[in-house]
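Engineer: One structure, pasted below without further comment.
The values are calculated or read from the model by the stated rules, or taken from the named source; none is laboratory data. This one's a predicted model, so the numbers in the text were calculated from it and none came from an experiment. Using ideal geometry, Cβ is built from the backbone for each residue, glycine included, and neighbour counts are taken over all protein chains shown.
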Amino acid sequence: MQLKAKPGSSRSELAQEAHGTWTARLKSPPVDGKANAELIALVARHFGCAKSAVNIHSGGGSRFKRVRAEPPDLAFVTLATSSARDAAPLACICDGNATTPFTTDFP
């Protein structure tokens, strides 16, 4: 995604503009990578992925940046029930737009 970063804003938010680019308003100043770190956290929170899955592809020292966010392909979680030995495994296939859960019955 292409975005314009506005560090030193009064609030942190990520908004898509009418022409398809994104604007990231960041509270952090553009000093010592603080604004870039806040940008990575903001993009990860907005798209529901881990911060480690977001990177600044180009423009690390500029207001205009290209950022890539990789959604998880397959996430495994365990549903907690009344006790740990009764826990049922659940896998979710995440395609970036929707999550399709499926379960498997175990004896």
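Engineer: Somewhere in the stretch 34-48, is a residue farther than 14 Å from residue 67 by Cβ, modelled with pLDDT under 90 and assigned to a loop (DSSP other than H, G, I, E, B)?
Structural biologist: Checked the stretch 34-48: at least one residue is farther than 14 Å from residue 67 by Cβ, modelled with pLDDT under 90 and assigned to a loop (DSSP other than H, G, I, E, B).
Engineer: Can you tell me which residue is nearest to residue 2 (Cα to Cα) among those in the stretch 18-59 that are surrounded by 14 or more Cβ atoms within 10 Å (Cβ to Cβ) and hydroxyl-bearing (Ser, Thr, Tyr)?
Structural biologist: Filtering the stretch 18-59 for residues that are surrounded by 14 or more Cβ atoms within 10 Å (Cβ to Cβ) and hydroxyl-bearing (Ser, Thr, Tyr), the one nearest to residue 2 (Cα to Cα) comes out as 23.
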